[in-house]
1. Exactly one of (1) at positive phi; (2) within 14 Å of another protein chain (Cβ to nearest Cβ); (3) buried (at least 17 other Cβ atoms within 10 Å of the Cβ) is unmet by residue B:270. Its number?
2. Can you tell me which residue among B:202, B:242 is touching a strand residue (DSSP E or B) at 6+ places or on another chain (Cβ under 9 Å) and on the phi < 0 side of the Ramachandran plot?
3. Do the conditions hold for residue B:78, that is, is it within 14 Å of another protein chain (Cβ to nearest Cβ), in a helix (DSSP H, G or I) and either touching a residue at least 24 places away in the same chain (Cβ under 8 Å) or in contact with a strand residue (DSSP E or B) (Cβ under 7 Å, 6 or more places away or on another chain) (or both)?
4. Looking at (1) more than 30 Å from residue B:306 (Cα to Cα); (2) surrounded by fewer than 17 Cβ atoms within 10 Å (Cβ to Cβ); (3) within 12 Å of chain B (Cβ to nearest Cβ), which is the only condition residue A:82 fails?
5. What number goes with the only condition from (1) closer than 23 Å to residue B:64 by Cα; (2) in a helix (DSSP H, G or I); (3) modelled with pLDDT of 95 or more that residue B:301 does not pass?
6. Could you please find all residues in the range B:304-353 being part of a loop (DSSP other than H, G, I, E, B) and buried (at least 23 other Cβ atoms within 10 Å of the Cβ)?
7. Given A:54, A:80, which one is under 16 Å from the mean Cα position of the chain (by Cα), within 27 Å of residue B:202 (Cβ to Cβ) and at pLDDT 90 or above?
8. Check B:152, B:207, B:147, B:181 and return the single one that is free of Cβ contacts under 8 Å to residues at least 24 places away in the same chain and under 30 Å from residue B:228 (Cα atoms).
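The values are calculated or read from the model by the stated rules, or taken from the named source; none is laboratory data. Model, not experiment: these values are computed from the prediction. All Cβ positions, even for glycine, are placed from backbone atoms using ideal geometry, and neighbour counts span all protein chains on display.
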């Protein structure tokens, strides 16, 4: 099954599937992920990472960007980001951009 | 960094988004801003499932809210802070204006979910719904093959249509949940139903044991599983959840009568969710009208939906914990489960403020457990099919289909 059951690595280009919407909730003043029968409240760092998940950008690019922004060791950021994205992928809230057929 | 997402805390109670939002200092106290609304667009349905969650007194087509009324409702819901709308029924695709309603919901910013039997869908209709912004499709199945499935649904050729509609859903890259309603007469198919969901490339499977309200309460003797079946079900579900991690998410709804603790029904009365009936009544849950003596306001009244949510007598009657008698009043779990389900307490004890007998602390718990065992062993397999005429009893040669 293309696009699902992904193993997140630095070369992954993850994005949110149609059924998971990242949105700022004006009424409650929080970021939420809307999913079937669920409303999740990701924290600020998760929101920042998820906003980078557009299906184009690779995890490596995201890590570079975050490491530069926070002047933090790249390796630590990479480990944390991959663990977080894998957790979301296992729960079905992240998919990989389908391979373009040549 | 597993704690980077507070989402981790919701894993144990996936429906309790409010708890997460409360932790984030929303204004919620005894009640907050509702998260989701179940919009029952119609009670019309080509299926006749004996466990239907609709009330026994169904709303007639002539009383249904109009397209413009539903659009106004959705605009109000967004102003109130509602995030998600579930289009349900009856069969929501029986409404000719469904695409228009989904488009309006998308336009005003609601997350849209279609809860459907799928037998009226065509690929063109599904494509139009996808174009209108539909976020998610949930298709009910009555079994994994036509013999059992179509006897339960009371409709010939329904199973194949559902399979076809599920395939179209995936072809259109719409997310799919398979909703399997389980009871004594189809629990033996559970393993095959799980495999069916995998084969259909569903994202999610709901294994939902029948909840005994409305039509299901009338059919309880024909539906109640045995305790052995429930033990086997839990084993199968746990095994499949581990095996299918990352492939198929499985949510499991346990049956009340064999539970030890009651469910946190609707996340607490008037706390996170509400329901709008086909004729526009605003209800704390879809079964609330079964509680006699409560008056429910309509979206056709002079009140706004926000006013009804905040101020109406029906919503405030069982909110929070102030209304509770013993043993709930002094119970350490009173804010965990809010005493269980008001409709079930009313149906089984005659008083909606009593502890839900699903709880071991209810004086009636032992009695309903015995009742379940007796009915499960009774061998009465005949269904009363759901329809506008008050139900039709299954006959030997005719399975309603």
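1. Just one mismatch for residue B:270, condition (2).
2. Checking each option against the conditions leaves just B:202.
3. When the stated conditions are applied, residue B:78 passes them.
4. (2)
5. Here residue B:301 clears every test but (2).
6. If the condition is that a residue be part of a loop (DSSP other than H, G, I, E, B) and buried (at least 23 other Cβ atoms within 10 Å of the Cβ), then B:318, B:328, B:338, B:339, B:340, B:341, B:352 are the ones that fit.
7. A:54
8. B:147
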